[in-house]
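Derivation of every value follows stated rules applied to the coordinates shown; laboratory data play no part. Every value quoted in this text rests on a predicted model; they were computed, and no experiment measured them. Positions of Cβ are backbone-derived with ideal geometry, glycine not excepted, and every protein chain shown enters the neighbour counts.
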Amino acid sequence: MSSQESLAAVEQAMTPHEPGPAAEQAWPGAEALSPNGDFLRQAERDSGVGIGACYGCKKCSNGCPLTFAMDLHPFQVVRLAQLGQVERLSRCRTIWVCSSCQTCLTRCPNQVDLPRFMDWLKERVAKGGGSVEQARTLLFHRLFLDEVKARGRVFEGSLMTRYLLKTGGAFGPEAMANARLGLAMFKRGRLKLLPAGIKQRRWLKDLFKA
Ligand code: SF4
Ligand code: SF4
């Protein structure tokens, strides 16, 4: 790679990704908001994440690989939480798109643990404190957690079989496409035939109890 190409690659990596098509609806823009400081205190206490430390540098969002599918940038999630905009956060798509890859956390100068905060917001919605765009999103979340609870690890074969059976993806033309995808993943070593679990079952049980 020439130095000019390297520079172009760096510039591209530094360019913020465009948010998803629903961004304009999710972010309030110039609309006047009524800040609610109570939520910030509650969110910091219950999630254990110091979101008040965020000063909006956007490094998290510039590095996030999934903003193209989000309706709010990660830094916007924090900003709305600081302003106590619970309603907007409880119906945003971003928290469900986040894959907990930790990129934002490694880039944040204030160690704001955004993946953990997104998880906390997800749990809030899953317990009835909001809504999701599609019911299958919540279903996937619950099945995923069931897997973790059962073995401490996710067994994709079981997770996807249960998910597809419940959503209809195990039947008809969708089933063929899913079977082809599963086979391709298996050939690349991305799909195991048998489940694997962790040994610390007691710890796992206590963790979910807590
Ligand atoms: S990188 Fe950290 S401080 Fe900067 S906007 Fe994101 S969360 Fe806030
Ligand atoms: S953890 Fe979530 S918000 Fe952070 S970079 Fe990864 S996908 Fe984006």
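Summary of values
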{"item": "Whole-number percent relative contact order across segment 84-190, with pairs defined as alpha carbons under 8 Å at least 6 apart", "result": "19 percent"}
{"item": "Segment 94-191 - charge dipole about Cα centre, Lys and Arg +1 at Cβ, Asp and Glu -1, debye rounded to 20", "result": "240 debye"}
{"item": "Calculated [θ] (222 nm, deg cm²/dmol) that DSSP helices of n ≥ 4 give over the chain, each run adding -39,500 (n - 2.57)", "result": "-16500 deg cm²/dmol"}
{"item": "Sequence-separation-based contact order of the chain, relative, with Cα cut under 8 Å and 6+ spacing, percent", "result": "16 percent"}
{"item": "Size of segment 135-209 as Cα extents on the principal axes (Å, biggest first)", "result": "42, 31, 13"}
{"item": "Karplus 3J(HN,Hα) series, Hz, for segment 171-186 with 6.51 cos²θ - 1.76 cosθ + 1.60 (x for Gly, Pro)", "result": "10, x, x, 5, 4, 5, 5, 5, 5, 5, 5, x, 5, 4, 5, 4"}
{"item": "Segment 135-209: relative contact order in percent, alpha carbon pairs under 8 Å with at least 6 residues between", "result": "38 percent"}
{"item": "Cα radius of gyration and Dmax for the chain (Å)", "result": "19.5, 55"}
{"item": "Most mobile of C57, C104, C92 in a GNM of the chain (Cα contacts under 10 Å)", "result": "C57"}
{"item": "Kirkwood-Stokes translational diffusion coefficient of segment 60-143, alpha-carbon pairs, 10 °C, 1.306 mPa s, µm²/s", "result": "123 µm²/s"}
